[in-house]
Structures are given as C-alpha cells and as structure tokens.
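See below for the structure under consideration.
The values are calculated or read from the model by the stated rules, or taken from the named source; none is laboratory data. Please read all numbers here as calculations on a predicted model, not as lab measurements. Reconstructed Cβ throughout: ideal geometry from the backbone, glycine too, with neighbour counts over all protein chains shown.
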C-alpha cells in the first residue's frame, strides 16, 4: 500500500481512466465507472485496490487475490477470480509504471531560494528553481530552469547544470558539466580527484587531475556514488545511463548511452564502455578495458580483459556465461569423488 503522506495522490480514479492511462482493455465495459482507491501488490490488495499479475509462477497466489481490479495478460486472466475486474494489457509491467506515474507524484518544493544559501554574486540560476537551506554555489556556476537543489548541496566554481535537474541533499559537485533532466541522488560526489599517483624516489606523488566530469542528458546517479574527474581527458557518462548507489567510477572512464551500473561496482581508470552495457552488483573492472556495446557482466565478476559487444560474462576472472557454468558443473561433480 502507498503511504499517501509522502505523495500527492489522485482520488476516485475510474477504471476507464486506468484503461486509458495504461493502454489496457477493460474486459467488462460496464465497470468503466468503478473507482479504485490505491495500487497494491497482488498479495496485499484489498477490495478497493488494483493490482498487477504478470508472472505465471504466481498463478496460485492470483487465485487468492482480494483486489477490486487486476491488470494482466490475455493468457493469465484465466487465473484471476471471477469477482475481480480484469483489464488486459500486452505488458502489465509497463502498465504498472504508467499507472503509478498517473496516480502518485512526489511532493515537490515550491520554487524559492533559502535565506541560508550562499550563492556567488556572478552565479546564474534559471527560472522556477528551488535552492534549499545551507546550499553553497560557487563563482561562475550556471544552473538551468526548473531545478531542485536540496539542502546542504555544494556546487563548486564553474560547474554547469542543465534544465530540470535535481541534486539530492548533501551531494557535492565540482569540475562537472551536467546535462538536462538528470537526478544526482543524496550524498553523491562528482568531480573529485582521480586516484592517480606516480612513485618518485620512494614517495607517491599525486598526478594532477585536470579533466572534468561530463554527464549527459537523462542520467541518474545513485546515493553516495563517486565519479572522479579525468587526469587530462574527461570522465564521461552517456545519455540515459542509470548508476546505482555506492558505485566508484574512476578517472577518464567513458560510458556510452543507456548503461546500467548496479550497486558497489568499481571501475578502474581509463575504461571505455559502449552503449547499454550492464554491470551487475559488485563487478570490478581493471583499468584500460574496452567493454563492447550490449555486454553484460554478472554480479561479483571481475574483468581483466576486454569484452566483446553483446557478450554475457560471469566469474572472476570472468568468462562467457556458458563456460562459467561448465566450470561450476565440473567442480561440483569432481568435488564429490
């Protein structure tokens, strides 16, 4: 059940509206004016709620549902109780997203600049922006329209942030250019020094990091994730990428469009990822690797060599998925002898 204290919620949504928003078909059109109170899981939906059923594995649970209405597929509707109103969708998962976006919205702050914010005289802030308590904005910073800068954010000198961006509380941004429609979550760190040292006469000397962090459009960067600026070349995150919490992306890395990087991944310096690369949780990449477009690396794997486009890899050091499963099978069989 959705706790409506945290969201602006629509009331008295009719099944006709649900069908329109989700592109679903109401099986019994006489029920079009019936209303729903909430969205809930199949297990917890009450007699005024709507739920979603898209996995045949849950057919026994479906038979026990108490919901008022259910969005499902043509093949699965046979498992829905007769007293539940059915809406047919080609993809109930997408219907779920659309209905969520229609019925609920985060409570957004009113556009204003807090009195406690410290903003450089020559910083430029666009129209309809919210700047929270104790925000620090440095010289020559440019922030676009309709942005939300939450409390305690620090945006260092010269950074540029596009339109419709949200910077979560306690995040820090330096040496960075951020595109439009980006969400930088709570506590993220963008643009700090890359981890580069040269051993000279027995001492580690820091290599100057003179590059930037370039974030494309429609990018999300999770809580407490760190993205280092480049040494000379920029660190680049491509359009549409999604980076989870607690990820480390080192200096000079280049991520293509639509990459998905899951929590606790560590990418060493100067790696190049193609478009739509997926790295599962806790994956580690050695430095200077090329990962081809569409490649997928399973959780807790370690990559030490380049990976071809479209490859599915697993293990440490990672190998093609089928090879990894053969290795596991061999070890299991021979460990019993």
- Message: All but one of (1) over 26 Å from the mean Cα position of the chain (by Cα); (2) surrounded by 14 or more Cβ atoms within 10 Å (Cβ to Cβ); (3) assigned to a loop (DSSP other than H, G, I, E, B) hold for residue 74; state the number of the condition that does not hold.
- Response: (2)
- Note on the structure: Exactly one of 291, 267 is at pLDDT 95 or above, surrounded by 15 or more Cβ atoms within 10 Å (Cβ to Cβ) and more than 15 Å from residue 225 (Cα to Cα), and that residue is 291
